[in-house]
Amino acid sequence: MKYYEMHEIVYQRIKNDGHLSWDKSVSYDDMWLHGTNTGLKRHLTKIGLSFKDLRVLDLGTGTGTSALYCAREGAKCVGVEVSETAIEIAIKNAHALGLNIEFIVGDILNLHLSKKFDFVVDSTVLHCIVGAKDRTNFYETAKRHLDTDGFLFINTMISEGDMSSRFPKEYFHYENEILWSLGISEITERKTIGEKSYFAHRTLLSKGNQIEEFRQNGFEIVNTEITSDSDVKCLVALLKLKS
Ligand SMILES: C[S@@+](CC[C@H](N)C(=O)[O-])C[C@H]1O[C@@H](n2cnc3c(N)ncnc32)[C@H](O)[C@@H]1O
């Protein structure tokens, strides 16, 4: 099993508990206040765009947190997600809200839709992608699906110095901007650290390294801000394809 396929187990729990999203939203009003949604609204306003008729691709949409929000504001949305259970909940959410969204079960690291978009959105997915090859594939997917004048919107966790003390030592190991976890034995790519077997679970780059990675992958920076809705800070960034 690839490391990111483990999210399916989390979504089965979310479904059983009757939650609406990854962040355990219990109401749609709660979901609209997700940092990605409030960030999207702020950044769109800053550049003088509205959601109306905007073509949005939500990568790793989960239960549709951002796709649902953008569609409610008038955008035409497609959400892609590897977890079948998440997509099942996303479709249920869209029906409950009377929104028309195309939800697809798929791997965003190997995605070839025959459509272009004005906005590609990452709502806390990029930090779930680990390793140079997978991260390059993430940016390639974004580039392949962006129209020439389109924007990539990122909301990703970042690190500040040594993050070791932020994560319980019984389960996590933090080293060189990677968070390793014990996870489940079905995850095949593992490494022994000390006497335990871990898998690479999250990438937490420093702000400077994250911005450098955007540039190296063909994007220029339009706006950035740091938010701190949780213990770990997030970099919210609006990017354009390098001209
Ligand atoms: C932290 S959750 C965020 C979910 C959603 N975007 C939100 O804001 O509620 C990260 C999501 O990325 C999805 N994901 C990770 N790697 C993926 C991949 N390679 N293809 C598709 N989805 C992926 C996970 O399954 C999970 O739903």
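The values are calculated or read from the model by the stated rules, or taken from the named source; none is laboratory data. It should be emphasised that the depicted structure is a prediction, and the values quoted were computed from it without experimental measurement. Cβ sites come from the backbone with ideal geometry, for glycine too, and all protein chains shown count toward neighbours.
Structure data summary
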{"quantity": "Residue match in region 163-170 (condition: of a type in the set (Ser, Thr, Tyr), farther than 28 Å from Ala200 by Cα and without any contact (Cβ under 8 Å) to a residue 12 or more places away in the chain)", "calculated": "no"}
{"quantity": "Number of positions in region 1-48 that are more than 8 Å from the ligand (Cβ to nearest atom) and not in a helix (DSSP H, G or I)", "calculated": "11"}
{"quantity": "Subset of region 98-115 [assigned to a helix (DSSP H, G or I) and surrounded by 15 or more Cβ atoms within 10 Å (Cβ to Cβ)]", "calculated": "Ile108, Leu109"}
{"quantity": "Wholly enclosed strands (runs of 3 or more DSSP E) of region 116-202 bearing at least 1 residues within 30 Å of Leu33 (Cα to Cα)", "calculated": "117-123, 146-157, 172-175, 178-181"}
{"quantity": "Subset of region 126-157 [among the charged types (D, E, K, R) and within 13 Å of the ligand (Cβ to nearest atom)]", "calculated": "Lys133, Asp134, Arg135, Glu140"}
{"quantity": "Contacts under 9 angstrom Cβ, first residue in region 218-243 being in a strand (DSSP E or B), partner of a type in the set (Ser, Thr, Tyr) and surrounded by fewer than 14 Cβ atoms within 10 Å (Cβ to Cβ), 6 or more apart", "calculated": "Glu220/Ser243; Cys234/Ser228; Leu241/Thr148"}
{"quantity": "Given (1) within 24 Å of Ile187 (Cβ to Cβ); (2) touching a residue at least 24 places away in the same chain (Cβ under 8 Å), number of the condition Asp17 does not satisfy", "calculated": "(2)"}
{"quantity": "Flag for Ile14 being more than 16 Å from the chain's Cα centre (by Cα), over 26 Å from Leu113 (Cα atoms) and surrounded by fewer than 22 Cβ atoms within 10 Å (Cβ to Cβ)", "calculated": "no"}
{"quantity": "Cβ-Cβ under 8 Å pairs, at least 6 apart or on other chains, region 106-118 side at pLDDT 95 or above, far side within 8 Å of the ligand (Cβ to nearest atom) and among the small types (Gly, Ala, Ser)", "calculated": "Ile108/Gly60"}
{"quantity": "Test: residue in region 109-132 that is within 17 Å of the chain's Cα centre (by Cα) and either of a type in the set (Lys, Arg) or farther than 24 Å from Glu220 by Cα (or both)", "calculated": "no"}
{"quantity": "In region 77-108, residue farthest from the ligand (Cβ to nearest atom) [restricted to those that are within 17 Å of the chain's Cα centre (by Cα) and among the acidic types (Asp, Glu)]", "calculated": "Glu84"}
{"quantity": "In region 50-85, the residues that are free of Cβ contacts under 8 Å to residues at least 24 places away in the same chain and hydrophobic (A, V, I, L, M, F, W, C)", "calculated": "none"}
{"quantity": "Candidate set: region 52-76, residues that are assigned to a helix (DSSP H, G or I) and away from the ligand (no atom under 13 Å from the Cβ); chosen: the one surrounded by the fewest Cβ atoms within 10 Å (Cβ to Cβ)", "calculated": "Arg72"}
